[in-house]
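The block underneath contains the structure these notes are about, expressed in C-alpha coordinates.
The values are calculated or read from the model by the stated rules, or taken from the named source; none is laboratory data. The structure presented is a predicted model; accordingly, all values stated were derived computationally and were not measured. So basically every Cβ, Gly included, is an ideal-geometry build from the backbone, and we count neighbours across all protein chains shown.
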Amino acid sequence: MNPKPPVLVTRRLPQPVMELLAESFDLALNPHEGPMPRRELLAAARGQSGLLTLLVDQVDAELLDAAGGSLRAVANYAVGYNNIDVAAASRRGVAVCNTPEVLTDSTADLALMKPSTCEPCFWKSAARPMIA
(Lines give C-alpha, C1' and ligand atoms only; values in the text may rest on other atoms or scores of the structure.)
Protein backbone atom coordinates (compact mmCIF):
# COMPACT_ATOMS: atom_id res chain seq x y z
CA MET A 1 0.00 0.00 0.00
CA ASN A 2 1.28 3.47 -0.91
CA PRO A 3 1.75 5.93 1.93
CA LYS A 4 -0.71 8.79 2.10
CA PRO A 5 0.59 12.04 0.56
CA PRO A 6 1.43 14.68 3.17
CA VAL A 7 -0.85 17.73 3.21
CA LEU A 8 -0.59 20.81 5.40
CA VAL A 9 -3.96 22.17 6.59
CA THR A 10 -3.40 25.76 7.69
CA ARG A 11 -6.57 26.07 9.80
CA ARG A 12 -8.83 23.54 11.50
CA LEU A 13 -11.84 22.90 9.28
CA PRO A 14 -15.26 21.40 10.12
CA GLN A 15 -14.89 17.90 11.58
CA PRO A 16 -16.53 16.06 8.62
CA VAL A 17 -14.04 17.74 6.27
CA MET A 18 -11.10 16.83 8.49
CA GLU A 19 -12.25 13.21 8.70
CA LEU A 20 -12.63 12.95 4.95
CA LEU A 21 -9.18 14.43 4.38
CA ALA A 22 -7.59 12.10 6.94
CA GLU A 23 -8.82 9.09 4.96
CA SER A 24 -6.66 10.02 1.96
CA PHE A 25 -3.87 12.23 3.30
CA ASP A 26 -1.28 12.36 6.05
CA LEU A 27 -2.35 15.65 7.61
CA ALA A 28 -0.11 18.21 9.27
CA LEU A 29 -2.32 20.62 11.21
CA ASN A 30 -1.91 24.20 12.35
CA PRO A 31 -1.73 23.96 16.17
CA HIS A 32 -3.05 27.52 16.61
CA GLU A 33 -6.65 28.75 16.76
CA GLY A 34 -5.88 31.61 14.38
CA PRO A 35 -3.73 31.94 11.29
CA MET A 36 -0.41 30.14 11.31
CA PRO A 37 2.50 32.54 11.90
CA ARG A 38 4.43 33.05 8.66
CA ARG A 39 7.69 31.56 9.94
CA GLU A 40 5.86 28.41 11.09
CA LEU A 41 3.93 28.21 7.82
CA LEU A 42 7.15 28.31 5.80
CA ALA A 43 8.70 25.57 7.94
CA ALA A 44 5.57 23.38 7.98
CA ALA A 45 5.17 23.59 4.19
CA ARG A 46 8.54 21.90 3.61
CA GLY A 47 8.10 18.50 1.98
CA GLN A 48 4.31 18.67 1.66
CA SER A 49 2.53 17.34 -1.43
CA GLY A 50 -0.38 19.69 -0.84
CA LEU A 51 -1.36 22.82 1.02
CA LEU A 52 -4.94 23.38 2.11
CA THR A 53 -5.09 27.12 2.76
CA LEU A 54 -7.59 29.81 3.66
CA LEU A 55 -7.89 33.33 2.30
CA VAL A 56 -5.75 34.68 5.16
CA ASP A 57 -2.76 32.56 4.06
CA GLN A 58 -0.48 34.33 1.57
CA VAL A 59 0.64 31.71 -0.95
CA ASP A 60 3.49 33.38 -2.78
CA ALA A 61 6.81 32.43 -4.36
CA GLU A 62 8.47 32.33 -0.93
CA LEU A 63 5.97 29.77 0.42
CA LEU A 64 6.04 27.72 -2.79
CA ASP A 65 9.85 27.62 -2.66
CA ALA A 66 9.76 26.66 1.02
CA ALA A 67 7.45 23.74 0.19
CA GLY A 68 9.91 22.51 -2.41
CA GLY A 69 9.59 20.27 -5.43
CA SER A 70 7.25 17.78 -3.79
CA LEU A 71 4.38 20.30 -3.76
CA ARG A 72 1.71 19.31 -6.30
CA ALA A 73 -1.38 21.31 -5.32
CA VAL A 74 -2.66 24.26 -3.34
CA ALA A 75 -6.34 23.98 -2.44
CA ASN A 76 -7.90 27.18 -1.13
CA TYR A 77 -10.83 26.59 1.21
CA ALA A 78 -12.45 29.80 -0.01
CA VAL A 79 -14.45 31.20 -2.88
CA GLY A 80 -11.59 33.33 -4.19
CA TYR A 81 -7.90 32.87 -4.71
CA ASN A 82 -6.55 36.44 -4.43
CA ASN A 83 -4.16 35.18 -1.75
CA ILE A 84 -2.40 32.84 -4.18
CA ASP A 85 0.22 33.82 -6.72
CA VAL A 86 -1.23 31.64 -9.46
CA ALA A 87 1.52 32.54 -11.94
CA ALA A 88 4.25 31.50 -9.48
CA ALA A 89 2.41 28.23 -8.80
CA SER A 90 1.98 27.56 -12.53
CA ARG A 91 5.70 28.13 -13.17
CA ARG A 92 6.41 25.42 -10.58
CA GLY A 93 3.81 23.00 -11.98
CA VAL A 94 1.63 23.36 -8.87
CA ALA A 95 -2.12 23.07 -9.42
CA VAL A 96 -4.32 25.70 -7.74
CA CYS A 97 -7.97 25.18 -6.89
CA ASN A 98 -10.62 26.80 -4.73
CA THR A 99 -14.23 26.21 -3.68
CA PRO A 100 -16.17 28.64 -5.89
CA GLU A 101 -19.66 27.35 -5.06
CA VAL A 102 -19.18 27.07 -1.30
CA LEU A 103 -21.42 30.06 -0.52
CA THR A 104 -24.00 29.74 -3.30
CA ASP A 105 -26.68 27.95 -1.26
CA SER A 106 -26.18 30.18 1.79
CA THR A 107 -26.43 33.31 -0.36
CA ALA A 108 -29.57 32.04 -2.07
CA ASP A 109 -31.15 31.13 1.28
CA LEU A 110 -30.40 34.59 2.63
CA ALA A 111 -31.76 36.27 -0.50
CA LEU A 112 -35.01 34.32 -0.25
CA MET A 113 -35.32 34.95 3.48
CA LYS A 114 -34.74 38.73 3.25
CA PRO A 115 -38.05 39.75 1.64
CA SER A 116 -40.10 37.76 4.14
CA THR A 117 -38.36 39.41 7.09
CA CYS A 118 -38.69 42.90 5.61
CA GLU A 119 -42.29 42.64 4.44
CA PRO A 120 -43.90 43.64 7.78
CA CYS A 121 -41.59 46.65 7.96
CA PHE A 122 -42.50 47.66 4.42
CA TRP A 123 -46.24 47.44 5.01
CA LYS A 124 -46.03 49.35 8.29
CA SER A 125 -44.10 52.18 6.69
CA ALA A 126 -46.40 52.18 3.62
CA ALA A 127 -49.45 52.51 5.86
CA ARG A 128 -48.15 55.68 7.51
CA PRO A 129 -49.47 58.91 6.10
CA MET A 130 -46.98 60.77 3.96
CA ILE A 131 -45.88 64.18 5.16
CA ALA A 132 -46.02 66.82 2.47
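Figure legend. Inter-residue proximity from the stretch 35-49: first residues farther than 18 Å from R12 by Cβ, second residues of a type in the set (K, R) and surrounded by fewer than 20 Cβ atoms within 10 Å (Cβ to Cβ), beta-carbon distance below 7 Å, spacing 6+ or different chains. Indicated pairs: S49/R72. All of V94, V74 fail the test of being crowded, with 19+ Cβ neighbours inside 10 Å, over 12 Å from the mean Cα position of the chain (by Cα) and modelled with pLDDT of 95 or more, apart from V94. Of the candidates P129, P115, P120, the single residue that is at pLDDT below 95, in a loop (DSSP other than H, G, I, E, B) and exposed (fewer than 10 other Cβ atoms within 10 Å of the Cβ) is P129. Examine the stretch 28-44 for a residue that is assigned to a loop (DSSP other than H, G, I, E, B) and under 20 Å from N2 (Cβ atoms), and state whether such a residue exists. No, the stretch 28-44 contains no residue that is assigned to a loop (DSSP other than H, G, I, E, B) and under 20 Å from N2 (Cβ atoms). Among all residues of the stretch 43-60, there is at least one that is of a type in the set (D, E) and under 14 Å from the mean Cα position of the chain (by Cα).
For the stretch 38-54, residues that are surrounded by fewer than 17 Cβ atoms within 10 Å (Cβ to Cβ), out of contact with any Lys or Arg (no Cβ under 8 Å at 6 or more places or on another chain) and either hydrophobic (A, V, I, L, M, F, W, C) or at pLDDT below 95 (or both) total 2. For the criterion of being modelled with pLDDT of 95 or more, surrounded by 12 or more Cβ atoms within 10 Å (Cβ to Cβ) and among the hydroxyl-bearing types (S, T, Y), T99 fails.
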